[in-house]
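Derivation of every value follows stated rules applied to the coordinates shown; laboratory data play no part. What you are looking at is a predicted structure, and each value in this text was computed from that prediction instead of being measured. Backbone-built Cβ (ideal geometry, glycine too); neighbour counts: all protein chains shown.
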């Protein structure tokens, strides 16, 4: 998704602090969302910030002067004007975004100058009868040139300057004069307006909100909650998978040494001892937890009597052991941690051997 920004979006929020502006920047860092600023837009943001800061410090100075008239001379307050410091802070902030490629700067092509002059003379949008300004035209033509050069078919332009950029009959559409330059752009008045109208961004916003919520949760609380759900609602499924694996794939020699051939085992009951989360992520509306289920199975081992004759016991009891199993799993839940889906991987088994005393087990 390619988003082109006009400077008026960030005039009063140059650090992307508002909820939706901050979210837009976050999505650009994590997802396939590209944010573009014309170098004219960036310069305007910096200039406007400097202007606003100086105006505010001037107000502070005036208020301070009035305040000092009401207090003793020794208590006079002298506020420090840090406008230049904050200006450098903003410049460094944008340089950091540029270096990390969170935003991309589109430079102005000097070859656009003849077209700018032509539009100014003929009052072609974004020029108008009441306004001769190169700024809007430079921004627009720079963005148009970029989308054409990079074959971008579906671009978003965030601007609240509907007078110069929008169709008079539909502010979400580009002005007919500008459509002659490119039909790739759709206009949105703000980041909030953008999130309200594009389904893909709605989903990303939900995902981000869930990720933020998830990052603030106590992992142990979630693990215990999910363990309880697995025991209550999914125990039989888990037990079947593990017991089937135990009876068909566990070699008794992994538990007993010195045994003969033709040994088999039977599983009879088990316990889900604990559950651990290794990783989590948000996909669309779901929370996905990747983890491991630890399970103990009670197992009875039997071996065929090597001296078997008709009328004898064909199998004798070799021993009882507890088998320790681990099962990787993917658990899909909603935001209330209600499990919607459980996927189990192939179980693994931890061998623990003991010797067999046949004098106690073989029936003679």
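Here are some notes:
- When 201, 214, 70 are sorted by how many other C-beta atoms sit within 10 angstrom of their C-beta, beginning with the fewest, the order is 70, 214, 201.
- Of the residues 41, 63, 147, the one with the fewest other Cβ atoms within 10 Å heads the list, and the complete ranking is 63, 147, 41.
- Proxy reagent accessibility, fewest Cβ within 10 Å first, across 295, 235, 245: 235, 245, 295
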